[in-house]
Amino acid sequence: MAFDFSSRHVFVAGGSSGINFGIAQAFACAGANVSLISRSADKVAAAAAQIQSLGVQALGMAADVRQPEALQGAFAAAAERFGPIDVLVSGAAGNFLARALDMSPNAFKTVVDIDLLGSFNVARLAHPHLRKPGASIVQISAGQSFTPTPYQAHVCAAKAGVDMLTRVLAQEWGAEGIRINSIVPGPIADTEGLKRLAPTDGTLDAMAQRVPLKRLGRIEDIARMAMVLASDWGSYVTGAVIPVDGGLALTGPRDFTAAAEASRQARV
Ligand code: COA
Ligand code: NAP
């Protein structure tokens with residue numbers, strides 16, 4: 001399926017690496033102009049340069065999704081450069097393995113602030129700059145949203161909130177012609193997120209074997225779904241929470257004890 005996003009404006013929050021960067025690259029390959037934000041000025045500048053080498057325009061800006069003023073400035077600059085935002089991808093996130101009793105209140109709050117409050121900030125502050133009608137918001141969630149998972153209390157709470165935000169905003173903003181959906185990626189190969197949950201070859205193999213399709217996901221698996229949702233093919237889809245996970249959501253909570261021990265030993 002060939003998508004055409006020529007001259008559309010795609011804004012990716014948390015877009016300097018991993019899955020979100022792969023999504024940005026896929027839209028760029030389909031002709032979109034791309035705005036990216038993440039915390040690290042160097043990382044986001046390098047990511048924007050890579051996007052530009054694909055023959056489209058790109059703007060990389062340092063902004064933390066926990067800081068509304070920085071975000072507001074980034075959205076204004078992006079809209080000034082490329083016009084109203086057609087596609088907003090919201091995927092900034094943080095994760096580490098820890099039992100609830102091994103998390104300080106600030107550790108829990110940090111992940112909730114990035115993943116949940118950050119997603120609210122991104123959607124809320126992008127709203128004045130979204131194309132109306134026609135904009136599509138794609139939130140990048142995680143299976144922890146619906147699978148209660150030990151060592152992941154912070155992420156479970158935050159991503160469940162992200163998906164509820166998707167459902168509420170779909171109703172509040174639908175009349176303006178704005179659609180919003182969540183993609184729930186499974187374990188995606190060669191990403192920071194998976195490295196944190198499966199830090200050794202053994203834990204990685206176990207993860208792949210648990211997936212009903214018996215393989216890890218690829219970044220392009222997620223990018224393709226983002227493009228379907230953002231294109232006319234997804235024009236009657238809003239408020240949906242869509243697993244793209246090889247069936248992992250069907251299998252219940254995972255046991256991260258071995259992975260947590262491996263991460264702990266790597267840190268000491
Ligand atoms: N176990 C328990 N607590 C941890 C922890 C761990 N493995 N890692 C961090 N924390 C705690 C810190 O101790 C701190 O709490 P404290 O102030 O009570 O000591 C709190 O979390 C915040 O840590 P800090 O490093 O100051 O936060 P940050 O905002 O600089 O970074 C993180 C956020 C911790 C999520 C960091 O891992 C990050 O930047 N992640 C982005 C990349 C990523 O996670 N990618 C995968 C996406 S799924
Ligand atoms: P990643 O490469 O670490 O991507 C996270 C991105 O967010 C980076 O660009 C990071 O850049 C940015 N970021 C982090 N904190 C930020 C903040 N406070 N403000 C702005 N930007 C911030 O991880 P990934 O594994 O690709 O994960 C991407 C998304 O997919 C996340 O939402 C994650 O929950 C979801 N997911 C991943 C998997 C997986 O298998 N990898 C599975 C399920 C869901 P900076 O460091 O420069 O800020």
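The values are calculated or read from the model by the stated rules, or taken from the named source; none is laboratory data. These figures come from a predicted structure and were not determined experimentally. Cβ coordinates were reconstructed from backbone atoms using ideal geometry, including for glycine residues, and neighbour counts include every protein chain displayed. Surface accessibility is based on the protein's heavy atoms, side chains included, excluding ligands, DNA and RNA. Shrake-Rupley method; radii C 1.70, N 1.55, O 1.52, S 1.80 Å.
Roughly how many percent of the accessible protein surface of region 59-120 is carbon and sulfur, given a 1.4 Å probe and a whole-percent answer?
Working: 1670 of 2870 Å².
Answer for region 59-120: carbon and sulfur cover 58 percent of the accessible area.
Each residue of region 57-66 in order: what ³J(HN,Hα) in whole Hz does its phi give by Karplus 6.51 cos²θ - 1.76 cosθ + 1.60, θ = phi - 60°, with x for Gly and Pro?
Coupling constants for region 57-66: 8, 9, 10, x, 9, 7, 7, 9, 5, 7 Hz.
If I take every Cα pair under 8 Å that is 6 or more residues apart in region 102-251, average their sequence separation and divide by the length, what percent do I get for the relative contact order?
Numbers: 212 pairs, mean separation 40.4, N = 150.
Dividing the mean separation by the residue count of region 102-251 yields 27 percent.
Per residue of region 211-225, what does 6.51 cos²θ - 1.76 cosθ + 1.60 with θ = phi - 60° give for ³J(HN,Hα)? Whole Hz please, x for Gly and Pro, Karplus curve as stated.
Couplings: 5, x, 7, 6, 8, 6, x, 10, 4, 5, 4, 6, 4, 5, 5 Hz.
Gain in length, A157 to E172, computed as 0.36 nm per residue apart minus the alpha-carbon separation, to one decimal in nm? Intermediate values should be presented prior to the final figure.
Details: separation 15, 0.36 × 15 = 5.40 nm, distance 2.24 nm.
Gain in length upon complete extension: 3.2 nm.
If you plug each phi of region 2-7 into the Karplus form 6.51 cos²θ - 1.76 cosθ + 1.60 with θ = phi - 60°, what whole-Hz ³J(HN,Hα) values come out, in order, with x for Gly and Pro?
Per-residue couplings from phi come out as 9, 9, 10, 10, 3, 6 Hz.
How far is it, in nm, from the label point at A45 to the one at A100 when both lie 7 Å from their Cα along the line to the Cβ?
Inter-label distance under the simple model: 4.4 nm.
Expressed as a rounded percentage, what relative contact order does region 9-267 have, with Cα pairs under 8 Å and six or more residues apart?
Details: 514 pairs, mean separation 49.0, N = 259.
About 19 percent, as a whole number.
If you stretched the chain out fully between V237 and D190, how much longer would it get, using 0.36 nm times the residue separation minus the C-alpha to C-alpha distance? It would help to have the intermediate numbers written out before the result.
On the way: separation 47, 0.36 × 47 = 16.92 nm, distance 2.96 nm.
Separation in residues times 0.36 nm, less the Cα-Cα distance, equals 14.0 nm.
At 1.4 Å probe radius, can you tell me the per residue accessible area of the chain in Å²? Don't skip to the end; give the middle numbers.
Details: 12120 Å² over 268 residues.
Each residue of the chain exposes 45 Å² on average to a 1.4 Å probe.
Between M164 and T257, what length in nm is gained on full extension when 0.36 nm per residue of separation is reduced by their alpha carbon distance?
Numbers: separation 93, 0.36 × 93 = 33.48 nm, distance 2.85 nm.
Taking 0.36 nm per residue and subtracting the Cα distance, the gain is 30.6 nm.
Would you please report the Å³ per residue occupied by the convex hull of the alpha carbon atoms in region 9-267? Each step should come with its number before you reach the end.
Working: hull volume 31.0 nm³, N = 259.
Cα-based convex hull of region 9-267, divided per residue, equals 120 Å³.
State whether region 117-268 is rounded, prolate or oblate according to the following rule on the C-alpha gyration tensor (a ≥ b ≥ c being the square roots of its eigenvalues): a/c under 1.5 gives rounded; otherwise a/b larger than b/c gives prolate, and the remaining case gives oblate. Intermediate results must be reported in sequence, preceding the final value.
Numbers: a/c = 2.45, a/b = 1.88, b/c = 1.30.
Prolate shape, in that a/c is at least 1.5 and a/b is the bigger ratio.
Mind ranking F21, F108 by accessible surface for me, highest first, 1.4 Å probe? Walk me through the numbers before you get to the answer.
On the way: F21 20, F108 80 Å².
Ranked list, largest accessible area first: F108, F21.
Roughly speaking, to the nearest percent, how much of region 205-268's 1.4 Å accessible area is carbon and sulfur? Walk me through the intermediate numbers first.
Values: 2140 of 3780 Å².
Roughly 57 percent, rounded to a whole number.
Okay, helix-only estimate at 222 nm for the chain: each DSSP H run of n ≥ 4 adds -39500 (n - 2.57), divide by all residues, round to 500 deg cm²/dmol; what do you get? Each step should come with its number before you reach the end.
Values: 10 runs with 116 residues, N = 268.
Only helices count here, giving -13500 deg cm²/dmol.
Compute, for the chain, the length of the dipole vector about the Cα centre, with Cβ point charges of +1 (Lys, Arg) and -1 (Asp, Glu) only. Units Debye, rounded to 20.
Details: 23 positive and 22 negative charges, 40 e Å.
So the magnitude is around 200 debye.
Of the accessible area of region 146-193, with the probe set at 1.4 angstrom, what percent is carbon plus sulfur?
Numbers: 1050 of 1760 Å².
Using a 1.4 Å probe with all protein chains present, region 146-193 comes out at 60 percent carbon and sulfur.
Could you grab the relative contact order for region 100-184? Cα pairs under 8 Å, six or more apart, rounded to a whole percent.
Details: 99 pairs, mean separation 32.4, N = 85.
Once normalised by length, the contact order is 38 percent.
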